[in-house]
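*Asks:* Take a look at this one; I'll ask things after.
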Amino acid sequence: MGRLIAALLVINGIVGQAADSAFPVLEKAYEALRAHDYDRAIVAFTQAIAITPARASIHKDLAYTLLKTGETEAARDHFGEAARLDPADDHVALEYAFLCHETKQTAVARRIFDRVRKRGNTTAAAAFENIDRPLRDGIARWTQAVAIDPSNFSGHEELARLADQRDEFALAAEHYEKAWRLRPDRRALLLDLGRMWQALNRPADAMAALIAASRGAEPRTAEDARALLPARYPYVHEFELALALDPSNALLRRELAYLNLQMEHRREAEGLFERVVEESPDDLLSAAQLGFLRLSRGDENGAMPLLNRVLAGRDDELSDRVRAVLKMPPVLHKQSETSRTLPGEAKMLGEKSLEKGYLKDALKYLRVAHENDPVDFNVMLKLGWAHNLLKEDEEALRWFNLARRSPDRSTAGEANRAFHNLRPALERIRTSIWFYPMYSTRWHDVFTYAQSKTELRLSGVPLRPYVSVRFIADVRGAVGLGASLGPQFLSERSVILALGIATQPWKGIIGWFEAGEALRYRGAPNDLGRIVPDYRGGVAYAKGIVAGRAFAETNLDGIYVSRFANDMLLYSQNRTGFTFAPAQLFWNWNLTVDSRGEYWANFVETGPGVKLRLHNIVFSVSALRGLYLVTGSPRGPMYYDLRIGIWYALTR
């Protein structure tokens, strides 16, 4: 069987030739998919990409797997890479565009839809219009608003963002700048302004805005701005342009002062330090440096007040430097071993300690190395591994997240794999929502099933408590099944609030139980009340096999429901067929039995079906022929049913 599956994979072009270096890793990935072990599949796909990074199909398969685990942003990035590697694949481009739109990258989504619609794709054309029309209307409204009130900060900001998303760069730059002038404390606007000036081919202006945003802004904005700057260090005149744009930026002014000092422009440096000390009296480092400059040119009266301020401060190291210059006796302070370590030695000692398993020492030295070189991504990666080995996973995740932005592909790849492997285990609270309306010709009725579940994941505990809200309804209500039975209701027609507990998945098996109250939104004549206790639980098992385009999957559910006279039901739903993305053609093989021998709960069904997946929505149609296994049906032993359903699921 294993040889047959491998042969089918080869024939369908998923793994390519047997001599492919990625073949063994891809085998593991598809085996994990068949077992629904998505975490293991993600690791294997990531390893395969590291071996053959230019293969679009692997990025695509990894993206679909990431979607199954709720990793929307990571899936988006791999769809984007697949679209870049295979520009002719419109389906992948649309998947990427829809995910970009879902993750607030509206401008990117609009560009992709625009490109694909020009090739005659109606789905892309409709999606493009759905994005572009609100942007056009919003730009028109906010243009009128800021014309009436030019001092309206929110109006300028909103107009700029709408124009940004519509690629109207000149309009966006104009209003980002106006918003910045109204609120110069909002340095995130400088990042946006720099992006727009880059798009308009104004490199000097863009450089000034990005330098200003990278100094003095909140950390995330500064990091994003640094990513857009060139690898080289800015020149003096570029700092001066940035300071002219953002004159209240004390950190920017101090850095320019040190740059002038390194270039022996002492007079310019002193003037800049004077301005920094005037605007930021608590900046003891600038005060000390200004004091040293004045002292070096003989201005003791101007220097001593500044140096005395430093001596009275709490920075012991800086205070000792001042004492040394003034030839004063030093004050002894307790000094740690790491503070005496040279930067290069710290990194080397940290790596050696990590290799030998001295994890606390490794952290100690690696932190010193990071403080001396904050952009050494390899040190960040080592910090992540050290924290991970110490079971400090939240801190490890933070360092891995930083390290995966490394320009070195090897470091970034290792950090990215570690990040994705670690992240699912740390999401303590996860909310999943699914919604499934279905029309049945057998009953000529529309049924709706939905659930919202928020579960708590406790580290080291195999059980997950959760809160659930279920909705079960139909449109027709009571139907006549014969004079002897009278009118019968086809669904519970309830909202069910419950507390539950579920096991961790183990080889595709999950156990669960919940207790709650069912609130009937519309009662039946024989109901005892609108609010009744509801207890339900069971065991679920899922298994799938993929061999190229061919697939087979089975879902077994054993369920106990107190409201069905304490009945136990077993559902077996099986499908075999072929995948032609985004569609699946298959044959259904279904069985349902119960412990009480009710006719409505004992039957077999079979027939063809088709599924069409568009992003998080799945459309399904099945034509089924059914046979009751227990006598008693008022409509005869056999039935035909055409079922049309829409499935939507979301996990956060």
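*Asks:* Output ³J(HN,Hα) for segment 393-398: one whole-Hz value per residue in order, computed from phi by the Karplus curve 6.51 cos²θ - 1.76 cosθ + 1.60 with θ = phi - 60°, and x for Gly and Pro.
*Replies:* 6, 5, 5, 4, 4, 4
*Asks:* At a probe radius of 1.4 Å, what is the per-residue accessible area of residue 549, in Å² to the nearest 10?
*Replies:* Counting only protein heavy atoms, the figure is 110 Å².
*Asks:* Follow-up. Ranked highest first by average number of other Cβ atoms within 10 Å, how do 602-610, 360-368 line up?
*Replies:* 360-368, 602-610
*Asks:* Something else about it: Any idea what angle helix 236-245 forms with the longest principal axis of the chain, computed on alpha-carbon atoms, 0 to 90 degrees, nearest 10?
*Replies:* The angle comes out at about 70 degrees.
*Asks:* For q = 0.11, 0.21 Å⁻¹, what log10 I(q)/I(0) does segment 153-280 give under the Debye formula with an equal point scatterer on each alpha carbon and no solvent?
*Replies:* Reported log10 I(q)/I(0), two decimals: -0.38, -1.16.
*Asks:* Starting with the highest mean, order 243-252, 434-443, 39-48 by the number of other Cβ atoms within 10 Å, averaged over the residues of each peptide.
*Replies:* Packing proxy ranking, top to bottom: 39-48, 243-252, 434-443.
*Asks:* Which percent of the accessible heavy-atom area of the chain goes to carbon and sulfur, probe 1.4 angstrom?
*Replies:* 57
*Asks:* Can you spot the aspartates and glutamates whose alpha carbon is less than 20 Å from residue 178's alpha carbon? Ignore those fewer than 8 places along the same chain.
*Replies:* Cα-Cα hits under 20 Å: 149, 157, 158, 164, 167, 168, 192, 205, 246.
*Asks:* Same structure again: Pairs 28/360; 60/543; 28/453: which are spaced more than 24 Å apart, C-alpha to C-alpha?
*Replies:* 28/360; 28/453
*Asks:* Further question: Do the sum for the chain: with -39,500 (n - 2.57) for every DSSP H run of n ≥ 4, divided by all residues, what is the mean residue ellipticity at 222 nm, to the nearest 500 deg cm²/dmol?
*Replies:* Result for the chain: -15500 deg cm²/dmol, rounded to the nearest 500.
*Asks:* Once the dipole of the chain is set up with Lys and Arg at +1 and Asp and Glu at -1 on Cβ about the Cα centre, which of 151, 593, 247 lies farthest towards its positive end?
*Replies:* 593
*Asks:* Percent of alpha carbon pairs in segment 94-151 separated by more than 14 Å? Walk me through the numbers before you get to the answer.
*Replies:* Numbers: 949 of 1653 pairs.
Pairs farther apart than 14 Å: 57 percent.
*Asks:* Return one number: the angle in degrees, 0 to 90 and rounded to the nearest 10, between the long axis of the Cα atoms of helix 122-148 and the longest principal axis of the Cα atoms of the chain.
*Replies:* For helix 122-148, the angle is close to 50 degrees.
*Asks:* When all C-alpha to C-alpha distances in the chain are sorted into bins of 20 Å, what percent of pairs does each bin hold, rounded to whole numbers?
*Replies:* P(r) for the chain, in whole percents per bin: 13, 37, 32, 14, 3, 0.
*Asks:* Let me test this: with uniform point scatterers at the alpha carbons of segment 503-652, what is the Debye-based log₁₀ I(q)/I(0) at q = 0.15, 0.18 1/Å?
*Replies:* Rounded to two decimals, the profile gives -1.06, -1.34.
*Asks:* Measure nothing fancy, just the Cα-based angle from helix 377-389's long axis to the longest principal axis of the chain, in degrees from 0 to 90, nearest 10.
*Replies:* For 377-389 against the chain, the angle is about 50 degrees.
*Asks:* Continuing with the same structure: Return one whole number: the accessible area per residue of the chain in Å², for a 1.4 Å probe. If you can, show how the numbers build up before the last one.
*Replies:* On the way: 34170 Å² over 652 residues.
That works out to 52 Å² per residue.
*Asks:* Quick one: plug the Kirkwood hydrodynamic radius of segment 567-652 (C-alpha pairs) into Stokes-Einstein at 20 °C, 1.002 mPa s, and report D in µm²/s.
*Replies:* 149
*Asks:* Something else about it: At a temperature of 20 °C and a viscosity of 1.002 mPa s, determine how fast segment 111-198 diffuses translationally according to Stokes-Einstein, using the Kirkwood radius over alpha-carbon pairs as Rh; express D in µm²/s, rounded to the nearest whole number.
*Replies:* Details: Rh = 13.7 Å.
Estimated via Stokes-Einstein, D reaches 156 µm²/s.
*Asks:* For the chain, what's the relative contact order in percent, using C-alpha pairs closer than 8 Å and at least 6 residues apart?
*Replies:* Once normalised by length, the contact order is 7 percent.
*Asks:* In addition: If the reach is capped at under 15 angstrom between alpha carbons, list the aspartates and glutamates near residue 352, excluding any in the same chain fewer than eight residues apart.
*Replies:* Of all the aspartates and glutamates, those that pass the test against residue 352 - Cα under 15 Å, at least 8 places apart if same chain - are 361.
The values are calculated or read from the model by the stated rules, or taken from the named source; none is laboratory data. None of the values given here were measured: they were computed from a predicted structure. For neighbour counting, all protein chains shown are included, and Cβ atoms are generated from backbone atoms with ideal geometry for every residue, glycine included. Protein only, heavy atoms only, side chains kept; ligands, DNA and RNA dropped before computing areas. Shrake-Rupley method; radii C 1.70, N 1.55, O 1.52, S 1.80 Å.
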